[in-house]
Amino acid sequence: MNFESNLKPEEYARYSRHIIIPEFGLEGQLKLKSSSVLVIGSGGLGSPVLLYLAAAGVGHIGIVDFDTVDDSNLQRQVLFTVDDLGKSKAQTAKERIQKLNPHIKVTVFEERFTKENALEIIKDFDVVADGTDNFPTRYLVNDACVLAGKVNVYASIFRFEGQVSVFNYLKEDGTRGPNYRDMFPEPPPPGLVPNCSEGGVLGVLPGIIGSLQANEVIKVLTGVGDPLVGRLFLFDAASFTTRILKVHKSPDTKIEQLINYEQFCGMDDSPDKLVKEISVHELLDYKTKGIDYQLIDVREPHEYSISHLDAALIPMGAIGESASKIAKDKPVILYCRSGIRSAKAIRELEENFGFTNLHNLKGGILAWAKEIDTSMITF
């Protein structure tokens, strides 16, 4: 194939700063143009990854995201503006990066990435860039890449800290480098490591880590440089320190099929795992009718200080040691931001302390602010 003919005249000017790099050159640019990358998530990490891969000239970019843009995204998800609130993230991201580079192809998968569709979605892409923020999807991405023989360029962010690595890389001898399960065979206990919506993230951190992730994708596609294979890069924005840890393949790591990742990560919503729920309107009835009940907020103190429902504060991490403070002789309602942490707290209390009177506030304080008290400040 005559790869040079694939570049249009105007693309030579666009990519000239790549082409004049001796180690990169026209060959590297043509490799990018003939390559494809699937970016899973177009949020904090996905924003810089998509922008820089599009600008660099990756020929085909896939975007997997079923979410819509909301106010809390705009602190870090630089693909979007206030004009995009309520719109599809994936479709908005596609429009934005095609305006940045009209010479690329963009395919949107506006659906949840699941074990049922994962292998079908990734099969036509050379590299997968994992921009997810939860453990079930992270393990699913890893396992799907291993089974499909795809390189997984991984990154994660939390508060001030970020990580980057390249998993399942095909080496010259035909063997594969370590994958995510070689580093973390088992997920942490549910609730121990919150995601960004629960634990927060410094706004500039996704830009830093996402740019490094895009850099690794470009290195993998072009063969230029030394990818982070068998190495985990750690960055702390607060102290501005970095470390690189070695990651080794484990003989015990075996991935033979996709599994129930919610169950694997202790977040299974099968019927026997479901908790009793109460709506915000039912809670309002409790308040107005003087029903005797106990209300518990399992968020963190800084969240509670911004807005709360006159509840007792018992953060998720202290729920077990505070079980004696929770009533067993009347209804007890637990809530958090959206209902996820409080459901986990209820499961812990039911399984370890025998509670049978606990109810989860469906939708959390966000639902209360939306349906009952629209003046309440939430995030």
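A short reminder: the numbers here are calculations on the coordinates, not readings from a lab. Quick caveat, the model's predicted, so the values are computed rather than measured. Here the Cβ positions follow ideal geometry from the backbone for every residue, glycine too, while neighbour counts run over all protein chains shown.
Are there chymotrypsin sites (Phe, Trp or Tyr not before Pro) in region 1-91 that DSSP puts in a loop and that have at most 14 other Cβ atoms within 10 Å, and which ones? All intermediate terms of the calculation are to be shown ahead of the outcome.
On the way: sites: 3, 12, 15, 24, 52, 66, 80; in loops: 15, 24, 66, 80.
When the chymotrypsin sites (Phe, Trp or Tyr not before Pro) of region 1-91 are filtered for loop state and at most 14 Cβ neighbours within 10 Å, 66 remain.
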Local electrostatic count at residue 253 - Lys and Arg +1, Asp and Glu -1, tallied over other residues with Cβ under 10 Å: +1
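Within the chain, which is the longest segment that contains none of the GluC sites (Glu not before Pro) sitting in a DSSP loop with at most 15 other Cβ atoms within 10 Å?
With a cap of 15 other Cβ atoms within 10 Å, the longest stretch comes to 24-109.
Where Lys and Arg each count +1 and Asp and Glu each count -1, what net charge lies around residue 379 among other residues with Cβ under 9 Å from its Cβ? Present the calculation step by step, with values, prior to reporting the outcome.
Values: positive: 337; negative: 71, 303.
In short, -1.
As an exercise, use a Förster radius of 45 Å and the Cβ-Cβ distance of residue 323 and residue 95 to find the FRET efficiency, rounded to the nearest 0.05. Write down the numbers at each step before the final one.
Values: r = 50 Å, r/R0 = 1.12.
Step by step, r from the Cβ atoms, then E = 0.35.
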Partners for residue 150 among lysines (Cα-Cα distance below 27 Å; same-chain residues under 8 apart left out): 31, 33, 89, 94, 105, 115, 123, 171, 219, 246, 249, 254
Dipole magnitude of region 125-263, debye to nearest 20 (Cβ charges: Lys/Arg +1, Asp/Glu -1, about Cα centre): 260
Helix 135-148 axis, angle to the chain major axis (alpha carbon atoms, nearest 10°): 30
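Which percent, nearest 5, of DSSP beta bridges in region 107-176 are antiparallel? Each step should come with its number before you reach the end.
Working: 8 of 12 bridges.
Counting DSSP beta bridges with both partners in region 107-176, the antiparallel share is about 65 percent.
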Two-site FRET efficiency, residue 81 against residue 208, from Cβ-Cβ distance with R₀ of 30 Å, rounded to 0.05: 0.90
Efficiency of FRET from Cβ geometry, residue 246 and residue 351, R₀ 25 Å, rounded to 0.05: 0.10
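What is the gain in length, in nm to one decimal, between residue 173 and residue 68 on full extension, counting 0.36 nm per residue of separation less the C-alpha to C-alpha distance? Write down the numbers at each step before the final one.
Numbers: separation 105, 0.36 × 105 = 37.80 nm, distance 4.33 nm.
So the chain would gain 33.5 nm between residue 173 and residue 68.
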Charge-dipole axis of the chain as Lys and Arg at +1 and Asp and Glu at -1 on Cβ define it, positive-most pick from 108, 69, 324: 108
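Explain nothing, just the number: relative contact order of region 35-264, from Cα pairs under 8 Å at least 6 residues apart, as a whole percent.
Reported as a whole number, the value is 21 percent.
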Using alpha-carbon coordinates, inclination of helix 46-56 to the longest axis of the chain, degrees: 10
Linear extension gain, residue 330 paired with residue 103, 0.36 nm per residue minus alpha-carbon span: 75.3 nm
Angle in degrees between helix 340-353 and the longest Cα principal axis of the chain, rounded to the nearest 10: 60
Answer label, with Kirkwood radius over Cα pairs in Å calculated from the coordinates and candidates (i) 21.0; (ii) 22.6; (iii) 26.3: (ii)
Considering only region 35-264, percent of DSSP beta bridges that pair antiparallel, nearest 5: 50
Pair residue 281, residue 186: separation of 7 Å Cα→Cβ label points (nm): 4.4
Residue 373 versus residue 26: modelled label distance in nm, points set 7 Å from Cα along the beta carbon direction: 6.7
Distance in nm between pseudo-label sites at residue 307 and residue 110 (7 Å out along the Cβ direction from Cα): 2.8
Residue (of 251, 92, 32) at the positive-pole extreme of the chain, dipole from beta-carbon charges: 32
